[in-house]
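Have a look at the structure below, then the notes.
The values are calculated or read from the model by the stated rules, or taken from the named source; none is laboratory data. The structure displayed is predicted, hence computed values, not measured ones. When we count neighbours, we look across all protein chains shown, and the Cβ atoms used for this are built from the backbone with ideal geometry, even at glycine. For accessibility, only protein heavy atoms count, side chains too; no ligands or nucleic acids. Shrake-Rupley method; radii C 1.70, N 1.55, O 1.52, S 1.80 Å.
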Amino acid sequence: QVQLVESGGGLVQAGGSLRLSCAASGRTFSSYAMGWFRQASGKGREFVAAISRGGGSTYYADYGKGRFTISRDNAKNTVYLQMNSLKPEDTAVYYCAADAGYTSSASRNYDYWGQGTQVTVSS
């Protein structure tokens, strides 16, 4: 069992930056690939970024390449999402998730989810 708690969301102007954090409980954090997803109001959940268990491999949705960076600190049981050059269309609830299998962009492959943190980007 893994419990995930996101933080770091908030209101930011377009062009600004935010760093999201996701703290995981348990001593097996390094056994999970981790991902970030987001869901805008009235839309489905979409993939943002993922990182392998050791952090050596990362994957991004096209809209995030060059702007978003996923990282993890296994000693702190935490995964991060650094978001730069934010746009109003990045407004959404951002979720972190843990995958006991391999790194994936498919939400159905993730086993545990956090409660989400709201990111609002004003124009």
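General observations
- Options 78, 69: the member that is without any contact (Cβ under 8 Å) to a residue 40 or more places away in the chain and surrounded by 15 or more Cβ atoms within 10 Å (Cβ to Cβ): 69
- Yes/no for residue 121 being within 24 Å of residue 10 (Cβ to Cβ), open to solvent by 30 Å² or more (accessible area, probe 1.4 Å) and of a type in the set (A, V, I, L, M, F, W, C): no
- For the range 4-30, residues that are surrounded by fewer than 13 Cβ atoms within 10 Å (Cβ to Cβ), farther than 17 Å from residue 119 by Cα and touching a residue at least 60 places away in the same chain (Cβ under 8 Å) total 0.
- For residue 88, the conditions (1) open to solvent by 10 Å² or more (accessible area, probe 1.4 Å); (2) farther than 16 Å from residue 11 by Cβ; (3) of a type outside the set (S, T, N, Q); (4) modelled with pLDDT of 95 or more are fulfilled apart from (2).
- Every listed requirement among (1) touching a Leu at 6+ places or on another chain (Cβ under 7 Å); (2) open to solvent by 30 Å² or more (accessible area, probe 1.4 Å) is met by residue 98 save one, (2).
- Answer residue from the range 101-118, given it is assigned to a strand (DSSP E or B) and closer than 21 Å to residue 58 by Cα and is most open to solvent (accessible area, probe 1.4 Å) among those: 113
- Some residue of the range 8-22 being out of contact with any strand residue (DSSP E or B) (no Cβ under 8 Å at 6 or more places or on another chain) and among the hydroxyl-bearing types (Ser, Thr, Tyr): no
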